[in-house]
1. Given 4 °C and 1.567 mPa s, how large is the Stokes-Einstein diffusion coefficient of the range 544-637 in µm²/s, with Rh as the Kirkwood radius over Cα pairs?
2. Could you list the chymotrypsin sites (Phe, Trp or Tyr not before Pro) in the range 428-517 that lie in coil according to DSSP, counting only those with at most 11 other Cβ atoms within 10 Å of their Cβ?
3. If you take every residue apart from GLY235 with its C-beta less than 10 Å away from the C-beta of GLY235, what net charge results, scoring Lys and Arg +1 and Asp and Glu -1?
4. Tell me the GluC sites (Glu not before Pro) within the range 328-377 that lie in a loop according to DSSP and have at most 14 other beta-carbon atoms within 10 Å.
5. Can you give the FRET efficiency for GLU660 and PHE339, using 1/(1 + (r/R0)^6), R0 = 30 Å, r = Cβ-Cβ distance, to the nearest 0.05?
6. Using just the Cα positions, wrap the range 377-437 in a convex hull and report its mean projected area in square nanometres, one decimal place.
7. Residues with beta-carbon under 12 Å from that of TYR411, excluding TYR411: net charge, scoring Lys, Arg +1 and Asp, Glu -1?
8. Can you sort TYR359, TYR546, TYR720, TYR285 from fewest to most other Cβ atoms within 10 Å of each residue's own Cβ?
Amino acid sequence: MKKVTIIICYFFICLPVFAQSETWKAKRITHEESQNESNTWMNFRKEIEVSALPQTALTKIACDSKYWMWINGELAVFEGLLKRGPTPDDTYYDEVEIAPFLRKGKNTIAILVWYFGKDGFSHNSSGQAGLAFQCDALNLISDTGWTSKLNRAFEKTNWENPNYRLSESNIRFNAQTDDFDWIKPETELKGFRPAGIIGDAESAPWNRLVKRPIPLFKDYGIREYENAAEIPAEGSGNWIVCQLPYNCHITPVLDIEAPENLTIKIQTDNFDYMGLNVASVRAEYVTKKGRQYYESLGWMNGHIVKYLIPEGVKIKSLKYRETGYNCEFTGHFNCNDGFYSKLWQMATRTLYVTMRDTYMDCPDRERAQWWGDIVNESGESFYALSPSSADITKKGMLELINWQRKDGTIYSPIPEGNWNRELPGQMLAAVGYYGFWNYYLNTGDKETIEKVYDGVKRYLDVWKLKADGTLVERYGGWYWGDWGIKIDKQLLYNAWYYIALKGFYYMSELLNEKDEADKILKEMDAFKTAFNRVFWDGKGYRTKEYEGSYDDRAQALAVVSGLAGRDKYQRILDVLKTSYLASAYMEKYVLEALFIMGEDKFGLERMKKRYDKVVNESPFTTLYEHFGDTMPDFGTNNHAWSGGGLTILSQYVCGLAPLEPAWRKFMVKPQMGNLEYVETGNETVAGNISVKIVKNRSGMNMELMVPENSSAVIYLPSKYKKVTANGKSLLSEGKSDNYTLYHLDGGEYKITVQ
């Protein structure tokens, strides 16, 4: 069935954990030949008279699955709405300000709806196409006063089609059948009929409409390819390779003159997952006679775009539109070793290309919200992107709990229509210290913690302890710990459980759940004792059933969780100097463990060794899924979980980390190893924070920016005796281990350390 949905959205959504939606008066409308086949496209159009222009005209739009809107022929929304699934039953809607597009007199609203009509790893199809539109300022709702048409120019492609994880289909447009003139106000409409009503806006199967919680996607506009001057003037029947500046989300554009009934094929270098027959999306265009302009509206990603253009087609231009998540690249990192600076930049690009409707593991093969990936991604975003990037983490948190099963289990990826398997380790990571709590620590968003709290408690209650005080094995739907070999899974799960308890303890304290906090603290103490009694054998941590060499991942989690005491650091270090089992996903925690143990020189050495191939030998601007040493290939070339080095470089090498929620107080504790110069900074919810450190013979010089109403605690090795800030001596405020602490309130400082 073809379903046309219009969604105009702008700001954020509160999930259901969501607030009750506002009253909808609009009807869900569809074409009179209502269809629910997959990959259906519908045109909707409405003419209205506006006698006085309103100052504001907020408009609510809902559909399954995506929409594009033009007002008076001007593009008002490019790819509106989100993939469906704020809960297993409900649907998102957009809120958009359309006042700037209106004019006095006659106005034309045209909406193109794309109904996916199939499930995926990030979309839960409703099974019914349609559109709901409501603008109270114009007293305008979707009803039988709208006209509609099934857009038959959009056809289905033959093999090869996207793999089952993707809800999107390939897009084939036959310009002989129809065009886009219908969006223009002056066009005489052919084939349009009054729309049919299929129900109230908030009725089954769409059910409750939940306001979109993230911004509309950012439209960077139509751009020329990097090698535009090399694009031939005529097709030859061979692939034309167009170079993008970096890995990004694009919709391809062509301007040609051609005879009719020739097929042009378009895809990126990421279409077929590195030759492993796990196809992503592609496009086709069938020409009409004469001059024609076309943009394929379904986004793709990659480093190059390839056009297969037949002979006889004259090429006026080939271009692309870049779109992406609506945030800014506000963070930075630099140092005197270009390897680490390049790694940080590649991680940032990888992070951004794996953001859209949700965080994704990769933007081609799956587009799926795996929570192990999200924990790494969200941590990186606080050092690389503007604060609005946190909204996508919030959305994921609320969705995760809203999809919680009756038995208390949670699973990802969600929203989903064809997946239901719990990965227990990733779920513990999600709700724990590095997941939900790290979001709060960086944002101060107490309201979201209140919404997910009960769900976290229900999930932790699912886990049980053995008589020896350690975890009962829970296999869930997929007993997974990491990619690679020699994985001590049960040991990993025990450590992740403790990290989850740690996060839940802090949540309980925050929400004044004193009895629960006291209970969790006692459980943590008992669990730590049991963990060390059962799993420590004098050389490292391991379970009795595990027969491989000591697992570097498990040793690292024991350190970062706080389960391992300092007395065990040397033995753990011995393992981390010889074991390189961790994948790119878990390597972040191995590196973090080294810096926590004060092994910054080896931490940087190991980072360079692990990332060597993906930084120095890769032709790409993004990071591979694997390191290429423990797997048969590198996997995707743009995988979210691989960017943990970014967090380590900013948080530990440069030493910036929040001590109080929303960066009201933060630490500056650089661990530079053999580096001579480092700097990092970003826009936080408290304001801009940055630090630059340059070593010299007598000590170091530091430049520090502290936001107003925030403060910094500087950790300096106790060997330094003289510290001045803006020419004035600083007095120490205590000691911590081998560090002396200094305090600075908001301002910009030049600090000398001797």
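Any read-out appearing in this document is the output of simple, stated calculations on the displayed coordinates, not a laboratory observation. Predicted, not measured: the structure shown is a model, and the values here were computed from it. Using ideal geometry, Cβ is built from the backbone for each residue, glycine included, and neighbour counts are taken over all protein chains shown.
1. So the translational diffusion coefficient is about 93 µm²/s.
2. Sparse-neighbourhood loop chymotrypsin sites (Phe, Trp or Tyr not before Pro): TYR475.
3. Local net charge: -1.
4. GLU328
5. 0.35
6. The number I arrive at for the range 377-437 is 4.5 nm².
7. After counting each charged neighbour, the total is -2.
8. Sorted ascending by nearby Cβ count, the order is TYR720, TYR546, TYR285, TYR359.
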